[in-house]
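The values are calculated or read from the model by the stated rules, or taken from the named source; none is laboratory data. Note that the structure is a prediction, hence the values are computed from the model and not measured. Quick reminder, even Gly has a Cβ in these numbers, built from the backbone with ideal geometry, and neighbours come from all protein chains shown.
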């Protein structure tokens, strides 16, 4: 009995060659529609599916292979006498190999101006049905959905190595493919923000040398259709491969700098900003970011939201940095930076975070899924609760500090001017310690006389206000909301500090 192979592919790359090689190995080919034409035009003998089923393709091609003569031929267990007797009784030939890839749903929904009807028409039905049937019966049917497996199958066939383990490997690949395909469709069709089933899918970019530490294996995945402004769309121009920690840090830097419209530079270490500067030109912004913390910037990640010029590049070249990411680089700037062979140089079309962006983190046995923190307060959102009123200059500094502090690990305190961080206190177990760290870093720096304090969450007691006042701070911005808010207000009034509430907390765990 001849071996039967059913070939029906949307992407026809390599299918003629594969079909030809199958026929050389004794397979008879069954095919559908455009694949059949491609094979025949390429000199491969093939039989139309409708000649097997006895029914024509119908409903504009929506129904081609959904027929017992196809699915019984795929699903029959060869070691089950009753199954084989039923095939014989109904004149059905068993199908030994399925080669199917799916309608281009992802490619369709990425097109500008695509309509809902056009997208829905590209939801494949027959293809996943055949793939799943063949994968279920993998011990008897070889199932191929990836062009990369064409040559590997032929090689194994010739070496008589199409064993159960390999068949199972191909079947698992099919179920991953159909699951990812369905997850993308589900995402497209779903309108509620938090559905009862969260179906997400990612595509592997690469295996990594290791994860957070050298004893942890890791891989990098990206969304099938990542947001325009995302690390997944960045291009690496130079340097060694990005590590697990590099990617997390670069993502954090991109989230921070998205909040600034002026020329800005963010220096980041361990997912916390160690220096941020904004100005009317990039070099000045760099100088401010560097002067914020010239020690911590060593080995840091730098994000700049303007094209990098030679003068700024020369400043960065003088330091050891892990990553520099910007919209573009002048040729001479790039030439200077690329002298360091390991420095990762990356470009990305800068923009804003999608306001509908969702963030997901895993916990043991589950996941947490939430709206990204894209809220951005300005001075217009502030409520002055103290007797002292902030000056215009202090309001600008308070707004800058409020923008920065939401990107610092809680408990978070930052000391800033209107365009520069002076001290960052991150991730402490109590707020007064974060304040002490930030003030200690800031006190000796130029500009401290004009500095303000920003807190990501309310002050649980008045000790932070008192400490700030005793160290020369004259304005503070915090969310408010503590049952002891009045204590902080009273303390601010005692020391003549301008105290501003935002009403918005920015915890970042």
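Of all residues in the range 10-39 being farther than 30 Å from residue 88 by Cβ, touching a strand residue (DSSP E or B) at 6+ places or on another chain (Cβ under 6 Å) and surrounded by 14 or more Cβ atoms within 10 Å (Cβ to Cβ), which is modelled with the highest pLDDT?
15
Within the range 234-249, is there a residue that is assigned to a strand (DSSP E or B) and farther than 26 Å from residue 350 by Cα?
No, because not a single residue in the range 234-249 is assigned to a strand (DSSP E or B) and farther than 26 Å from residue 350 by Cα.
How many residues does the range 187-213 hold that are within 22 Å of residue 236 (Cβ to Cβ) and in a loop (DSSP other than H, G, I, E, B)?
6
Check off (1) free of Cβ contacts under 8 Å to residues at least 40 places away in the same chain; (2) surrounded by 13 or more Cβ atoms within 10 Å (Cβ to Cβ) for residue 49 and give me the number that stays unchecked.
Evaluating residue 49 over (1) free of Cβ contacts under 8 Å to residues at least 40 places away in the same chain; (2) surrounded by 13 or more Cβ atoms within 10 Å (Cβ to Cβ) leaves (1) as the failure.
Which one of these is part of a loop (DSSP other than H, G, I, E, B) and surrounded by 22 or more Cβ atoms within 10 Å (Cβ to Cβ): 297, 302?
Testing whether each residue is part of a loop (DSSP other than H, G, I, E, B) and surrounded by 22 or more Cβ atoms within 10 Å (Cβ to Cβ) leaves just 297.
Which residue is farthest from residue 106 (Cα to Cα), if the candidates are limited to the range 191-222 and must be in contact (Cβ under 8 Å) with a residue 40 or more places away in the chain and either under 16 Å from the mean Cα position of the chain (by Cα) or surrounded by 11 or more Cβ atoms within 10 Å (Cβ to Cβ) (or both)?
Top of the filtered list is 198.
Considering only the range 306-317, I want to know if a residue exists there that is out of contact with any helix residue (DSSP H, G or I) (no Cβ under 6 Å at 6 or more places or on another chain), assigned to a loop (DSSP other than H, G, I, E, B) and not assigned by TED's automatic domain parsing to the domain that holds residue 466.
Yes, there is a match, as at least one residue in the range 306-317 is out of contact with any helix residue (DSSP H, G or I) (no Cβ under 6 Å at 6 or more places or on another chain), assigned to a loop (DSSP other than H, G, I, E, B) and not assigned by TED's automatic domain parsing to the domain that holds residue 466.
Hey, which of the strands (runs of 3 or more DSSP E) in the range 318-396, taking only ones fully inside, have at least 2 residues that are within 19 Å of the chain's Cα centre (by Cα), outside the structural domain of residue 249 (by TED's automatic domain parsing) and closer than 24 Å to residue 456 by Cα?
358-363, 366-371
Given the criteria closer than 17 Å to residue 469 by Cβ, surrounded by fewer than 23 Cβ atoms within 10 Å (Cβ to Cβ) and modelled with pLDDT of 95 or more, does residue 387 qualify?
Here the answer is yes, as residue 387 does meet what is asked.
Name the one entry in 149, 158, 163 that is assigned by TED's automatic domain parsing to the domain that holds residue 62 and surrounded by 15 or more Cβ atoms within 10 Å (Cβ to Cβ).
149
For residue 403, work out the one condition from (1) in a helix (DSSP H, G or I); (2) farther than 18 Å from residue 289 by Cβ; (3) under 26 Å from the mean Cα position of the chain (by Cα) it doesn't fulfil.
Unmet for residue 403, out of (1) in a helix (DSSP H, G or I); (2) farther than 18 Å from residue 289 by Cβ; (3) under 26 Å from the mean Cα position of the chain (by Cα): (2).
Being buried (at least 21 other Cβ atoms within 10 Å of the Cβ) and touching a helix residue (DSSP H, G or I) at 6+ places or on another chain (Cβ under 7 Å) is the filter; apply it to the range 492-509 and report the residue that is farthest from residue 403 (Cα to Cα).
Once the filter is applied, the top-ranked residue is 492.
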